[in-house]
Amino acid sequence: MKNSITFLLLMVLSVVGYSESSDSTKTKKIEIGVTYSPDYCYRKLKSDASSKWISDIRDTLEIAKFGYSTGFNLVYRIKNNFTIESGILFSDKGEKTKKYSLENSPSGNLPISNMDIHHYIYLDIPFKANYYVLTGKLKLFITAGVSANIFLTQKNTSVLGYSDRATEKQTSKINSGLSKINFSFIAGIGIDCPITKKINFKIQPVYRRSINSIIDAPIKSYLYSAGLNLGVFYKL
């Protein structure tokens, strides 16, 4: 994990150092920002032949859930139409099950239905390149990059349903055996518009997908999400 983070930092420093040596006469701009993205989250399963029946059951039972990612970002402007970006983001990924019936009496005090929501909590460290297609007052840019995703914990929320239509939520932490770190690629397109001379607002549809499986097991799992990244940035 430490080696991966060090590698990303060295990449940022090498790009910054190169840009300063090759274009030192131009003023470089740094932006710091806060972003939030509501995300539509799910996963892709890949299994060996002996475990395919399990992944088929999961694909029948499980569906996408809504998560989010939020945190701080640092942007370094190399040229007027090109920036690099990194940050530290807290994210909630995962999936959920469909509501399913429990074999309990409708007249009793026991729940008659349940839905499980799986939350995979990560600390994401992205490294992205942003290329500006339009550089006027209203800017249009495309972005691509990779992210190191550090696993923090897994939580499961059970939504229990009762015969009187009341619901109850029960949340617990799970020792899931997920890998401590995995990587994902990022791609998107965004709009950058100024609010003041120092503050600008960015809105960006973004897609993320795991490069490697989040678990070392016969059934491999690759997380993906589609979100709308919203951010406010301040120019230093």
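We did not get these values from a lab; they are worked out from the coordinates using the rules stated. All values reported here derive from a predicted model rather than from experimental measurement. Heads up, the Cβs are rebuilt from the backbone with ideal geometry, glycines too, and the neighbour counts pull from every protein chain shown.
Descriptive notes on the structure:
- Gaussian network model of the chain, springs between alpha carbon atoms under 10 Å - residue of L178, L74, L138 with greatest fluctuation: L138
- Charge tally around I199: other residues with Cβ under 10 Å, Lys/Arg +1 each, Asp/Glu -1 each, net +2.
- Among N73, I54, L138 - extreme Cα towards positive end, dipole of the chain, charges at beta-carbon: L138
- For the chain, the relative contact order is 21 percent, taking Cα pairs closer than 8 Å that sit 6 or more residues apart in sequence and dividing their mean separation by the residue count.
- The range 140-154 - phi-based ³J(HN,Hα) in whole Hz, Karplus 6.51/-1.76/1.60, Gly and Pro as x: 10, 9, 10, 9, 7, x, 10, 9, 8, 10, 9, 6, 9, 6, 10
- Counting neighbouring Cβ atoms within 10 Å and putting the fewest first, the residues K79, K180 line up as K180, K79.
- Option label - percent of Cα pairs over 28 Å apart computed here, alternatives (i) 42; (ii) 24; (iii) 34: (i)
- Out-of-range pairs (alpha-carbon distance over 25 Å; input K99/K169; K46/K128; K46/K169; K155/K180; K52/K98): K46/K128; K46/K169
- Equivalent ellipsoid, the range 150-194 (semi-axes from 5 times Cα gyration tensor eigenvalues, Å): 34, 22, 8
- Here K137 is the anchor, and the aspartates and glutamates within straight C-alpha reach of less than 16 Å, apart from those fewer than 8 places off in the same chain, are D192.
- Shape of the range 103-189, Cα gyration tensor, a/c cut at 1.5: oblate
- Helix 52-61 and the longest principal axis of the C-alpha atoms of the chain enclose an angle of approximately 90°.
- For S113, S225, order by how many other beta-carbon atoms lie within 10 Å, fewest first: S113, S225
- Rounded tilt (10° steps) of 2-22 against the dominant C-alpha axis of the chain: 20 degrees
- The chymotrypsin sites (Phe, Trp or Tyr not before Pro) of the range 156-236 that meet both conditions, a loop assignment by DSSP and at most 16 other Cβ atoms within 10 Å of the site Cβ, are Y162.
- Think of the chain as a dipole: +1 on every Lys or Arg Cβ, -1 on every Asp or Glu Cβ, centred on the Cα centre; then among V159, G190, Y222, G190 lies furthest on the positive end.
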